[in-house]
Amino acid sequence: MCAALLAPEPLTLHNVPQLNDVRTMRALLSQMGVALDARESGTVELAASRIDWPLAPYELVKTMRASILALGPLLARCGEARVSLPGGCAIGLRPVDQHVKGLQAMGAAIDVEHGYINARGRLRGAKIVFDMVTVTGTENLLMAATLADGTTVLDNAAREPEVIDLAHCLSAMGARISGAGSSRITVEGVAQLHGATHAIMPDRIETGTFLAAVAATGGDVAVTGTQPDCLVAVVEKLREAGAVVDIAGDVIRIRRSGPLLAVNLRTAPHPGFPTDMQAQFMALATRAQGTAIITETIFENRMMHVQELRRLGADIDVEGGTAVVRGVDKLTGANVMATDLRASACLVVAGLIAEGTTTIDRIYHLDRGYERIGEKLAELGARIARVG
């Protein structure tokens with residue numbers, strides 16, 4: 001959606017989910033002057049023929065870290081931008097220093113004051129080496145580089161499928177990009193991008209969450225409209241856990257009738273095991289036979305769901321970024337509280353396998369990343385309802 005800021009002609013996006021974060025981004029772009037036409041079918045047309053106000057205010061940015069992705073496009077298109085430091089899930093520091101460092105290397109003058117990043121200047125191509133793999137950092141600089149003078153090289157770039165998908169969208173708009181999906185992306189700047197139509201890739205974490213739920217509860221479910229090649233690490237761990245997984249085209253069928261087995265995992269940048277699936281697998285591990293060792297390497301504060309799982313009867317010890325999960329005979333329902341987006345999904349999965357009723361508070365996190373998850377699970381036989 002932020003890529004629409006780069007072109008004066010409309011960008012039409014298909015397969016756009018109805019999520020709170022999407023609504024927030026629509027509001028953010030609209031106040032900048034972007035004309036939006038959102039349809040029930042999941043299609044959104046964004047027309048940025050003019051940008052009235054290159055500002056991303058705190059009131060909108062505080063709920064969603066992805067708002068930082070307006071910085072690069074605004075600066076590239078308008079020569080200036082003022083973007084609030086971002087908020088989102090409280091799962092770690094997630095600094096934006098790599099975004100700032102990269103834009104400065106491209107010639108931008110940047111200062112940070114009163115909670116805002118103020119940037120100005122004409123961008124030029126540069127060689128940028130990320131100190132760490134950063135998905136939003138790669139995406140921000142990738143977008144900025146499309147309109148920069150000369151060639152930009154991004155080294156140690158994120159290889160996540162979402163980066164590739166963004167590159168496909170930008171290429172359809174006239175950008176010259178090579179290497180997306182590898183650790184080195186090269187962008188030849190062009191004078192102007194144009195409108196395009198792009199279908200957004202399926203959400204691999206939503207897919208993975210449903211697969212984990214089936215593995216945890218048992219049953220036989222086909223998840224359709226997926227992109228299986230983006231879920232290799234997740235599927236491998238599901239099979240280790242005792243699930244049978246078959247893939248045919250864009251359909252992943254998963255079933256489990258035998259015992260649930262403990263599996264060790266360690267999160268890593270793509271193509272490693274995704275950090276956004278760690279919590280869901282921990283829910284699965286609480287009822288597995290044996291002991292699972294789960295190590296989080298991406299975010300330093302992404303174990304907050306542990307204390308809530310313990311309320312359900314889980315046996316988990318945490319030291320640093322590693323959790324030792326010993327499978328128990330049963331979980332029992334309780335009142336729990338969601339602390340972030342994926343912790344919410346984790347508690348839903350745990351609630352499905354717990355005896356009795358589990359009530360999850362603060363599910364507004366869930367609505368940021370899952371469209372109608374309760375209804376979809378109910379259609380599969382889950383006894384789940386939204387209350388209050």
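Bear in mind that the values in this text are calculations on the coordinates, not laboratory data. Note that the coordinates shown come from a computational prediction; the quantities given were computed from them, not determined experimentally. Virtual Cβ from ideal backbone geometry, glycine too; neighbours counted across all protein chains shown.
A few comments on the model shown:
- Note on the range 344-388: Kirkwood radius taken over Cα pairs, Stokes-Einstein applied at 25 °C and 0.890 mPa s, translational D equal to 225 µm² s⁻¹.
- If you wrap the range 231-331 in the convex hull of its Cα atoms and look at it from every side, the mean projected area works out to 6.4 nm².
- Only helices enter the 222 nm calculation for the chain: every DSSP H run of n ≥ 4 contributes -39,500 (n - 2.57), and dividing by all residues gives -8500 deg cm²/dmol, rounded to 500.
- Per-residue Cβ neighbour counts within 10 Å put S41, S178 in the sequence S41, S178, beginning with the fewest.
- Dipole check for the range 155-305: with +1 at the C-beta of Lys and Arg, -1 at the C-beta of Asp and Glu, and the Cα centre as origin, the magnitude is about 360 Debye.
- Unit charges at the beta carbon, dipole of the chain: most positive-side option, Q104, P274, H114: H114
- Counting only Cβ charges, +1 for Lys and Arg and -1 for Asp and Glu, the dipole size of the range 239-340 around its Cα centre is about 380 debye.
- Straight-distance crosslink candidates among lysines, where the alpha carbon sits under 26 Å from K237 and sequence neighbours closer than 8 are dropped: K330, K376
- Remark: C78, C346, C2 ranked as C78, C2, C346, counting other beta-carbon atoms within 10 Å and listing the fewest first.
- With contacts taken as Cα pairs under 8 Å at a separation of at least 6 residues, the range 255-388 carries a relative contact order of 21 percent.
- All lysines inside 21 Å of K127 as judged from Cα atoms, apart from same-chain residues fewer than 8 positions distant: K101
- Charge context of K101, other residues only, Cβ under 14 angstrom, K/R +1, D/E -1: -3
- Over all pairs of different C-alpha atoms, the chain has a mean inverse distance whose reciprocal, the Kirkwood radius, equals 21.7 Å.
- The relative contact order of the range 68-173, computed from alpha carbon pairs under 8 Å that lie at least 6 residues apart in sequence, is 29 percent.
- Span from the the range 1-61 Cα centroid across to the the range 330-347 one, whole angstrom: 32
- Total formal charge among the other residues, if their Cβ is under 12 angstrom from that of L238, Lys/Arg +1 and Asp/Glu -1: +2
- Mean separation of Cα pairs under 8 Å and 6 or more residues apart, divided by the residue count, gives the chain a relative contact order of 12 percent.
- In terms of surrounding Cβ atoms within a 10 Å radius of their Cβ, Y364, Y116 rank from fewest to most as Y364, Y116.
- Dimensions of the range 117-175 from C-alpha coordinates, computed as largest minus smallest value along each principal axis and given longest first, are 31, 29, 22 Å.
- Computed about its Cα centre, the charge dipole of the range 255-308 is approximately 300 debye, with only Lys, Arg, Asp and Glu carrying charge at their Cβ.
- Note on the range 1-152: the C-alpha convex hull projects to 8.7 nm² when averaged across all orientations.
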